[in-house]
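S.K.: Would you mind keeping the following structure in view while I ask a few things?
The numbers here are math on the coordinates, done by the rules we state, and not lab data. From a predicted model like this one, the values you see are computed outputs, not experimental measurements. FYI the Cβ positions are ideal-geometry reconstructions off the backbone, even for glycines, and counts take in every protein chain you see.
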Amino acid sequence: MTTALAALGGASRQSLAAARSALDGVLKTSSAADASALANDLFAVVAALDSSTPLRRAITDGSRDAASKSKLASDLFGKSISASALSLLSNLAALRWSSPSNLGDVLEQLAVEAEASAANSANELDRLEEELFAFSRIVVSDGELRQALNSTKYSSEGKRVLVAKLLGAKIAPSTTRVIGHLVSGLRGRNIESTIAFYSAATAARKERAIAFVRSAVALTDAQKEKLTKTLSEKLGQPVRLNVEIDRTVLGGISIRFADELIDATIVSRLADAGRALAV
């Protein structure tokens, strides 16, 4: 979790979990192009919220009922963003937030994750992560570039153009889009902190695309292929397996991916039986 999100209060932390589950639901049926378009819409909403303190306060006002806040979101953004983005925003507006600024922080997290999901669907997620790291090294080593990207003298579009000329066509399309949003959306942070935020959000989405499997015995290639296909269909995007041999499993397998745990081990079944008998 990024530093900004790690500092979320209790209400906002719960809302973040609900927001990410809602994003998963949207991404499950989204193509790479749809996910990238969703990211664009969410970034646009973040910019609008950042530009207006009254708007942030109104849409996160705890004294207003959830329906009125959702309606406000719909009235303000209904004609400018997609139906899927509006649905997400309306759901988030109905949640409780510890601070008005937290809504923008979480929307930014969802936007980066949506773009990372687009990269995953295009088989570019590993490359996106590697190229973000490489960009961070360039920024650290080039003082003039760092100063230019941190400066308020240059417009967001100017920074996009500068980075596009620097990186050219050497990077993946997903990386081009992510870095474009990154340099034009510092949101009061310096460029180094913003890269760290985007990298952490990308890693968070990558983790949700990895199934962590515990098994007492090694899986065959056929079993891995079948499990990968089943989980990919369930999640709606490519899933990779991280298989750990654990002799304590005692038969069956345990699978954790996204926010789900599928525990089909003998130990868990015995524990369930014991709880049932206790009742």
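S.K.: Rounded, prolate or oblate: which fits the stretch 71-223 when a ≥ b ≥ c are the square roots of the eigenvalues of the alpha-carbon gyration tensor, with rounded for a/c under 1.5 and prolate only if a/b beats b/c?
M.R.: oblate
S.K.: Where does the chain land at 222 nm, in deg cm²/dmol rounded to the nearest 500, when only DSSP H runs of n ≥ 4 count, each adding -39500 (n - 2.57), divided by all residues?
M.R.: -21500 deg cm²/dmol
S.K.: Along the stretch 139-152, what does the Karplus equation 6.51 cos²θ - 1.76 cosθ + 1.60 (θ = phi - 60°) give for ³J(HN,Hα), rounded to whole Hz, x for Gly and Pro?
M.R.: 5, 5, 8, 10, x, 5, 5, 4, 5, 5, 6, 8, 6, 8
S.K.: Moving to a separate point now. Note down the magnitude of the dipole of the chain about its Cα centre, charges +1 on Lys and Arg C-beta and -1 on Asp and Glu C-beta and zero elsewhere, to the nearest 20 debye.
M.R.: 300
S.K.: Among [x] 19.4; [y] 20.5; [z] 18.9, which one is Kirkwood radius over Cα pairs in Å computed from these coordinates?
M.R.: Only one option fits the structure, namely [y].
S.K.: Then there is this: With charges only on Cβ, +1 for K and R and -1 for D and E, what is the dipole size of the stretch 176-263 about its Cα centre, in debye, rounded to 20?
M.R.: In total the dipole reaches around 280 debye.
S.K.: Distance between the C-alpha centers of the stretch 201-220 and the stretch 16-90? Whole Å please.
M.R.: Cα centres, the stretch 201-220 to the stretch 16-90: 29 Å.
S.K.: Let me ask another. Quick one: dipole size for the stretch 96-210, taken about the Cα centre, charges +1 on Lys/Arg Cβ and -1 on Asp/Glu Cβ, in debye to the nearest 20.
M.R.: With Lys and Arg at +1 and Asp and Glu at -1, about 260 debye.
S.K.: Quick query: amide H of residue 211 versus all other amide H atoms, modeled in the peptide plane; which residues come in under 5 Å with a sequence gap of 5 or more or a different chain?
M.R.: So residue 211 has HN proximity to 240, 241, 242.
S.K.: Among 175, 53, rank each residue by its count of other Cβ atoms within 10 Å, from fewest to most, as a rough exposure measure.
M.R.: 53, 175
S.K.: Related question: Quick one: length gained pulling residue 130 to residue 247 fully straight, 0.36 nm per residue minus the C-alpha distance?
M.R.: Length gained, residue 130 through residue 247: 38.7 nm.
S.K.: Return the sequence-ordered ³J(HN,Hα) values of the stretch 230-239 in whole Hz as given by the Karplus equation 6.51 cos²θ - 1.76 cosθ + 1.60 applied to θ = phi - 60°, using x for Gly and Pro.
M.R.: Coupling constants for the stretch 230-239: 5, 5, 4, 5, 5, 7, x, 7, x, 10 Hz.
S.K.: Can you put 142, 50 in order of Cβ neighbours within 10 angstrom, beginning with the fewest?
M.R.: The most exposed by this proxy come first: 142, 50.
S.K.: Ignoring trypsin sites (Lys or Arg not before Pro) that are buried or in helix or strand per DSSP, and keeping those with at most 11 other beta carbon atoms within 10 Å, what is the longest stretch of the chain between them?
M.R.: The reported range is 171-279.
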